[in-house]
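*Asks:* Questions regarding the structure given below will be posed in turn.
Each value in this text was obtained by applying a stated rule to the coordinates, not by laboratory testing. Keep in mind it's a predicted model, so treat the numbers as computed, not measured.
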Amino acid sequence: MGIKQKKVRDIMNRGVVTVSLKDSVKKVAQVLSENKIHAVAVITSGGETRGIISETDIIKHIEEDIEKLTAEDVMSSYVESIIPEASVVAAAKIMTELKYHRLLVMGKDAAVGVLAASDIVAGMAKE
């Protein structure tokens with residue numbers, strides 16, 4: 001099956017690494033580095049997704065004290081999401097139109113994965 005026929009669930013990264021709204025940006029940077037990932041979801045104490053922080057969001061604050069800044073201070077609060085059953089083509093269109101590098105994959109009640117542009121490119125390379 002080619003990438004054009006695949007669903008988001010077929011190529012997404014399962015599981016979502018999260019941080020809390022009040023975690024320091026230094027802690028977020030450590031989580032990204034330790035997990036060798038490029039973004040984390042920011043959640044409330046009740047588990048609700050409130051935003052996303054990418055490496056780029058962090059480096060924008062290189063001149064500030066990242067121990068005093070919180071995840072809430074630097075996160076992108078608008079999170080574009082997609083369902084696992086959506087087509088990879090639909091996901092690529094959203095990413096292209098919005099100039100996003102990743103989408104949060106939402107299940108019935110919570111985030112279940114992340115789809116990155118690099119996942120789509122890897123799928124195209126395998127064809």
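*Asks:* Hey, what did the chain get for relative contact order, percent, Cα under 8 Å, at least 6 apart?
*Replies:* 33 percent
*Asks:* Here's another thing I want to ask about it. Taking amide H atoms as placed 1.01 Å from N in the peptide plane, list the residues 5 or more away in sequence, or in a different chain, whose amide H sits under 5 Å from that of VAL112.
*Replies:* VAL105, MET106, GLY107
*Asks:* What are the ³J(HN,Hα) couplings of the range 100-105, residue after residue, when phi is run through the Karplus curve with 6.51, -1.76, 1.60 and θ = phi - 60°? Round to Hz, x for glycine and proline.
*Replies:* With the stated coefficients, the range 100-105 comes to 9, 9, 7, 10, 7, 9 Hz.
*Asks:* Also, I was wondering about something else. For percent of Cα pairs over 22 Å apart, pick the label among (1) 36; (2) 56; (3) 41 that corresponds to the value derived from the coordinates.
*Replies:* Identified label for the calculated read-out: (1).
*Asks:* Expected output is a single nm value to one decimal: the length gained when fully extending between ALA122 and LYS4, i.e. 0.36 nm times separation in residues minus the C-alpha distance. What is it? The partial results should precede the final answer.
*Replies:* Working: separation 118, 0.36 × 118 = 42.48 nm, distance 1.27 nm.
This chain segment gains 41.2 nm when fully extended.
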